[in-house]
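Every number in this text was worked out from the coordinates using simple rules, so none of it is lab data. Keep in mind the model is a prediction, meaning the values are calculated, not measured. When we count neighbours, we look across all protein chains shown, and the Cβ atoms used for this are built from the backbone with ideal geometry, even at glycine.
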Amino acid sequence: MVHLNLYRIYLLLNSKICSMKNLIFIISILLLLLHCGQSPLIDGSNLNTHKLDGFPLVIPGATSATFIFKCKADSSAAVAYGRGSIEGIMPSITTSKDHIVVVNNLETQTNYFYSAFCGDLQSPPNPLLLTFQTLVSDQPQKTRGIWIVGGLGAGISPIAQVDLYDPVTGQWTPGITNVPTPRAYSNIVSHQNKIYVMGGLTKSGVTFTAVNTVNEYDPFNNVWKTMASMPDTHQGGIAISAGNDIYVISGTTSADMTTGTLTNTVYKFTPSLGTNGIWLKYVSNTAVFQRVDMPGCAIQDTIFYSGGRRSTDGLPFNTSDAYIPSGNTTTTLAEANINQTKYGAAIACYRPNPKDAFPADPASILIAGGSTTADVFQPPTAITSSNSFDYSLATTSNFTAGGILPTALYYPSMEVSYELRRAFLFGGANLTNVPQDKVYSLDLGNPTTTPWRTETTTLPVARYGHKVVILSR
């Protein structure tokens with residue numbers, strides 16, 4: 001009966017939590033624990049009192065949890081649960097020895113206490129002694145995974161293929177989807193569990209053209225939607241998510257950056273307004289660097305940016321600043337300079353939260369690679385790729401030079417695995433218009449003293465001029 005019920009639960013879960021092979025393995029191990037006196041799942045001292053026969057099996061989802069357990073005799077049963085004290089009691093729908101109880105409407109990635117009990121439903125056990133944690137999503141590989149979007153590949157051609165890398169398992173899902181309009185140097189950001197590809201360069205023959213196209217991707221339903229176009233054609237800027245809005249700054253409005261028309265322009269996009277979102281274009285109250293391919297990211301809704309190349313002559317810089325969207329102004333602080341003048345560098349903002357494995361780690365900014373040669377073309381006709389890496393705490397005005405990259409790279413892209421406490425760097429170009437497929441990673445426990453590690457895995461498609469994003473931030 002128990003095995004039959006387990007199989008029914010698997011059908012109900014519909015493979016959302018894990019593969020059938022892994023689920024059967026997990027259940028087999030846990031069934032062995034059902035009759036062990038010393039189990040890590042439960043304190044067995046109250047089993048007889050509550051008439052349980054063995055140990056409960058808990059299968060957590062993102063917003064639900066399934067409990068499988070036996071009573072010593074035919075009986076009603078229930079599960080009491082809560083984040084500290086009892087917040088709810090969910091009864092079993094049968095009166096029998098074998099019970100399956102599903103609790104819904106839980107919060108994601110949250111620790112809950114629980115007790116399964118048989119008999120009198122008016123007298124649940126208290127305190128709740130056992131714990132489980134809900135998942136970050138019902139498709140955790142998509143939430144914790146790193147999405148590789150856009151860029152240029154072989155033949156200097158924009159790449160449509162989107163690849164997903166799960167750093168926890170080390171597995172790729174190549175070609176999980178395709179960008180409807182392939183382009184490079186787009187403004188790409190994850191926002192409220194969706195991915196937005198805004199602007200960028202398309203290619204026809206040998207000609208690159210800046211566009212204002214905006215595509216929204218829903219990873220959990222695998223659906224693309226064309227959203228309201230940007231007010232201007234745009235490429236090579238910085239995009240961040242803040243609250244209900246997306247902000248885009250810097251970059252240029254043309255493929256030839258010297259003819260771009262940006263002057264302290266801020267683009268604000270609210271996808272939830274109207275049918276296809278609404279754009280608002282305005283001017284910052286203070287000057288924003290007029291640069292292209294300037295690495296930037298956000299911590300607590302403040303955009304940090306550094307380097308980039310001047311739109312008038314392609315000259316690279318090493319100066320930094322920060323823009324606060326809520327105040328429509330840059331900060332009054334003197335932001336730290338990076339240790340090398342360059343553009344097209346990868347950047348990641350490390351932003352631990354209380355639910356992460358290392359919540360006490362400080363927020364920080366990581367910048368790696370880039371090109372140090374002035375160039376006004378996009379893509380550049382000549383690069384001098386960099387292997388430098390700079391690290392700064394978000395609370396200090398000082399970049400520290402860390403371990404050099406194994407390979408000098410122009411326009412790679414970088415994100416953080418919060419489960420592994422590692423930064424991952426993908427692709428880039430070592431020589432002009434020669435994309436790389438290497439993946440490197442760095443331990444964020446000691447980011448300035450530990451070396452970069454070359455991963456055994458490689459990108460499914462070599463690329464540069466791309467972006468990588470995660471959905472959990």
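Structure data summary
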quantity	calculated
Thr207 paired with Asn104, simple spin-label distance in nm, labels 7 Å along Cα-to-beta-carbon	5.5 nm
Distance between modelled label sites at Leu280 and Thr331, nm, 7 Å Cα→Cβ extension	2.4 nm
Using θ = phi - 60° and Karplus 6.51 cos²θ - 1.76 cosθ + 1.60, couplings along the stretch 137-143 (whole Hz; Gly, Pro as x)	6, 6, 10, x, 5, 7, 6
5 angstrom amide H check on Thr286, placed H, neighbours 5+ away	Thr330
Crossing angle, helix 20-33 versus the chain [Cα axis fit, 0-90 degrees, rounded to tens]	40 degrees
R0 of 35 Å, Cβ-Cβ distance Ser397-Thr131: FRET efficiency to nearest 0.05	0.25
CD proxy at 222 nm, helix term only [per DSSP H run n ≥ 4: -39500 (n - 2.57); per residue of the chain; nearest 500]	-2000 deg cm²/dmol
Reach of Lys72 by Cα under 19 Å, taken over lysines that are not fewer than 8 positions away in the same chain	Lys51, Lys97
Stretch gain in nm, segment Asn222-Gln141, where the contour uses 0.36 nm per residue and the Cα spacing is subtracted	27.8 nm
Cα coordinate range in the chain, projected on the principal axes (Å, largest first)	82, 49, 44
Reachable lysines from Lys355, criterion Cα separation under 24 angstrom, eight or more residues apart if same chain	Lys16, Lys142, Lys194
5 angstrom amide H check on Ile299, placed H, neighbours 5+ away	Phe304
Cα-based shape type of the stretch 185-318, given that a ≥ b ≥ c are square roots of the gyration tensor eigenvalues and the cut on a/c is 1.5	oblate
Backbone N within the stretch 403-419 under 16 Å of label point (7 Å from Ala360 Cα along the Cβ vector)	none
Length added when fully stretched, Ile86-Asn244, from 0.36 nm per residue minus Cα-Cα	53.5 nm
Sorted by Cβ density within 10 Å, fewest first, the residues Met227, Met414	Met227, Met414
Potential lengthening between Thr458 and Thr270 on full extension [0.36 nm per residue; Cα-Cα distance subtracted]	64.1 nm
The stretch 411-473 - Kirkwood radius from inverse mean 1/r over Cα pairs (Å)	12.3 Å
Listed residue pairs exceeding 23 Å between alpha carbons, taken from Lys225/Lys467; Lys225/Lys268; Lys203/Lys342	Lys203/Lys342
Cα→Cβ-extended label distance, 7 Å offset, between Leu431 and Asn446, nm	3.7 nm
Net charge dipole size for the chain [Lys, Arg +1 and Asp, Glu -1 on Cβ; Debye, nearest 20]	460 debye
From phi via Karplus (6.51, -1.76, 1.60), per-residue ³J(HN,Hα) for the stretch 71-87 in Hz, x at Gly/Pro	9, 6, 8, 3, 6, 6, 7, 6, 10, 9, 8, x, 7, x, 10, 5, 9
Positive dipole terminus of the chain, leading residue within Pro316, Phe117, Gly170 (C-beta point charges)	Gly170
Table column - 3J(HN,Hα) (Hz), the stretch 322-331, Karplus curve with 6.51, -1.76, 1.60, x for Gly and Pro	8, 10, 10, x, 5, x, 6, 7, 7, 6
Between helix 2-13 and the chain: long-axis angle, C-alpha atoms, 0 to 90°, nearest 10	30 degrees
